[in-house]
């Protein structure tokens, strides 16, 4: 495959492929599961996220010509490898659908008379069009949308943070058990980061440099996670953060920029979040379509054959959630444990097995040349 993505595009594209699952309410999950150690749990999950990026980066550097779907078959053989690849499809389909459901639930507060299914279908159709255009187009869009979204969120929530009446931050851990429990339930924030494995053949691998791309991405995402959690918890307090389902949009309403050209900051955040979410869903549809093509031993370039089925299945699953409670239960019961399997356990086992067996490939000469 021809490598076309720059280092900046790889970082922004991978950075726009996680966080949406729990972005609107993760401070509530942190407080609910870790109590007064919520901020330590947030810091802990950021560290685990960086480790995840490092492991995925190591796998990519061992097999620079392979997609994630190909690596498992090279390391574990055709049958086991294919079974692992097939496992990813329903997991990430449900993950994407749940992300869409949570986002349109938040969006519905701005469009109360619009049925949720219309928002779901509209979002998926736009995202499917983006996936159809291919990874190069998605990378160009990500290189524009992600920096603006990252900067907008960081600046707005830093202002909200320093608006808090008390900047009280715990300096000791009250319970390691609660902290670990919080980290366990927060890890789905990084669900979707496996797209870096699918991006692998599309960028140039440079010695001691390209392994840092996923690490830099998770550090950038970690900055958002820490700043947002601090701003929300310190403004709402522990009790209110735990009791409000979507604590982040509620906290935004506390921000007032009198005299600013954009006084209704919530609208500005929603605009950024909509662009980010459409890009995120496009990335997911492209990745699932490419994965399906590789499962059937077709070239990754044949991904377009599967975009429509993947988009339709995503709409159906997203519309199948009847209410927020059911969606939260699905997240807690299935996606929380599965995140530790597909994000950390499988890539770690893949790397360890490849290391022990001495399996490694080198880029072909054309791939060593910068494009």
## Note on the structure
Relative to the chain, whose Cα atoms define the longest principal axis, helix 78-107 and its Cα axis are tilted in degrees, nearest 10, by 30 degrees
### Task
Round to the nearest 0.05 the FRET efficiency obtained for residue 356 and residue 109 when R0 = 56 Å and r is the Cβ-Cβ distance.
0.60
#### Entry: Three-way shape label, region 108-244, alpha-carbon gyration tensor, a/c 1.5
oblate
### Message
Between helix 38-62 and the chain, what is the angle of the helix's C-alpha long axis to the longest principal axis, kept within 0 to 90° and rounded to the nearest 10?
### Response
10 degrees
### Query
By per-residue mean of other Cβ atoms within 10 Å, what is the highest-first order of 177-188, 31-42, 288-299?
31-42, 177-188, 288-299
### Task
Please tell me the relative contact order of the chain in percent, rounded to the nearest whole number, where contacts are Cα pairs under 8 Å and at least six residues apart.
39 percent
### Query
Between residue 148 and residue 117, what FRET efficiency comes out of the Förster formula 1/(1 + (r/R0)^6) with R0 = 51 Å and r the beta carbon distance, rounded to 0.05?
0.95
### Task
Specify the angular offset, from 0 to 90 degrees and rounded to the nearest 10, of the alpha carbon long axis of helix 346-357 from the longest principal axis of the alpha carbons in the chain.
30 degrees
### Message
Just want the ordering: 174, 96, from fewest to most Cβ atoms lying within 10 Å of their own Cβ.
### Response
174, 96
### Mean residue ellipticity (222 nm) of the chain, computed from DSSP H runs ≥ 4 via -39,500 (n - 2.57), nearest 500
-22500 deg cm²/dmol
### Query
How many nm separate the modelled label positions at residue 172 and residue 6, each set 7 Å beyond the Cα in the direction of the Cβ?
5.0 nm
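Computed from the coordinates by the stated procedures, all read-outs in this text should not be read as laboratory data. Quick caveat: nothing in here was measured; it's all calculated off a predicted structure. Cβ coordinates were reconstructed from backbone atoms using ideal geometry, including for glycine residues, and neighbour counts include every protein chain displayed.
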